[in-house]
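First comes the structure, then the notes that go with it.
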Amino acid sequence: MSRRTISVVIPSFNEERSVQEMVDRLSAVFRNELPQYDYEIIFVDDFSTDGTRAEIRRLASQDARIKAVFNARNFGFHRNVFSALTYGSGDATFMLFGDMQDPPENLPAFVRAWEAGRQVVIGQRRSSDEGFVMTGLRHLYYAVIRSFSDTAQIPRFTGYGLYDREFVRVLEGIDDIQPFFKAVVAEYGLNVEIIQYDQAKSARGKSNFNFLRNYDFAMQGITSSTKLLMRLATFIAAIVAIICLGVALFVLINKLIDWDTYPVGEASTTVGIFFLGAVQLFFIGVLGEYILSINTRVTAKPRVVVGEWVNFGEPDAAPIAAESVQSAPLRPAAPDVPAPGVAVRAKEDDPSENRA
């Protein structure tokens, strides 16, 4: 019977100080607790500006099991994380993040649940070093999601977990350019096991997520999970429009009955303001419905553009230019690189030194 393989994917951005420690800790886990498994460690770097790539190249030159995917530019957290999960070739893919907040030592517990038949095994934060305000805002966010979402999201879940190959194939079939991974897991994850853990402090000292990035994260989660808020905005706009139209009619009729009720010009101004406000509010609601419809359509371009593959074998001789993504295959034809439809190679002499 052939040995099974676990792919470890590590989305990274400016993690120079933690790359060596990550490899050491993962290697120790496989050596001491999972010797029956083969493994590969894949760093997926989203255009780091420090020495992360140089450190990854150094380690990859020493061990063929350490691989890397270097994005041609920074494509953002959601796109990088989603694409990262599709790069593994193993029977299961373990994802954790390069800042060392998610302990690699939990992998054996994840594997035991996977061996017992679970298709998706995820880590749920039991505690973290976040402040009181951010923790409160997160609780509020999940309360809103629970109230309005079509599919309830898993609270305090970042993507840290072990995913069976069958679930990864489901991800490969999703063409959304800006997927919200937590909503995808909640909707398509079958037979999910949740393992709680205590989140450590970031190795870089502070999180890459400031308030604005967390706000963007929350808004994408809400718009990806429910149509109800947009419909609610439409209904409220329609109700307010009716009220405004009623006020305009009241002023007009009152003016016609008693011409001296309002000073000269005041009635016409009031009617005009309320009537135009009613029309604007109504059509803003209609516009919201069209935006909602557009939001559900797939954008015909790749999720990320890969600038360099490290230890994935020899790619095709002719690279695929980013400008021709609509008619070209979306990844190099390297035998070990999965996930068609996820990434293309950038036509650059030195992708790590040039911002796309």
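The values are calculated or read from the model by the stated rules, or taken from the named source; none is laboratory data. Because the structure is a prediction, the values reported are computed rather than measured. Methodologically, a virtual Cβ is constructed for each residue, glycine included, from the backbone with ideal geometry; neighbour enumeration extends over all protein chains shown. Just so you know, the surface numbers come from the protein's heavy atoms only, side chains and all, with ligands and any DNA or RNA stripped out. Shrake-Rupley method; radii C 1.70, N 1.55, O 1.52, S 1.80 Å.
Scanning the range 18-65 for residues that are of a type in the set (Lys, Arg) and closer than 22 Å to Glu308 by Cβ turns up Arg53, Arg57, Arg58, Arg65. Taking the conditions exactly as written (of a type in the set (Asp, Glu), surrounded by fewer than 14 Cβ atoms within 10 Å (Cβ to Cβ) and modelled with pLDDT of 65 or more), does Asp198 satisfy them or not? In short, yes. Just for the range 13-38: of the residues that are in contact with a Leu (Cβ under 9 Å, 6 or more places away or on another chain) and closer than 27 Å to Phe75 by Cα, which one is surrounded by the most Cβ atoms within 10 Å (Cβ to Cβ)? That would be Val19. Each residue in the range 82-107 was checked for being within 20 Å of Val192 (Cβ to Cβ) and open to solvent by less than 10 Å² (accessible area, probe 1.4 Å), and 13 of them qualify. Scanning the range 39-55 for residues that are open to solvent by 10 Å² or more (accessible area, probe 1.4 Å) and of a type in the set (S, T, N, Q) gives Ser48, Thr49. Just one of the listed residues (Phe110, Phe132, Phe75) is modelled with pLDDT of 95 or more and either crowded, with 22+ Cβ neighbours inside 10 Å or not charged (D, E, K, R) (or both), and it is Phe110. Note on the range 277-307: residues that are open to solvent by 90 Å² or more (accessible area, probe 1.4 Å) and at pLDDT 75 or above total 2.
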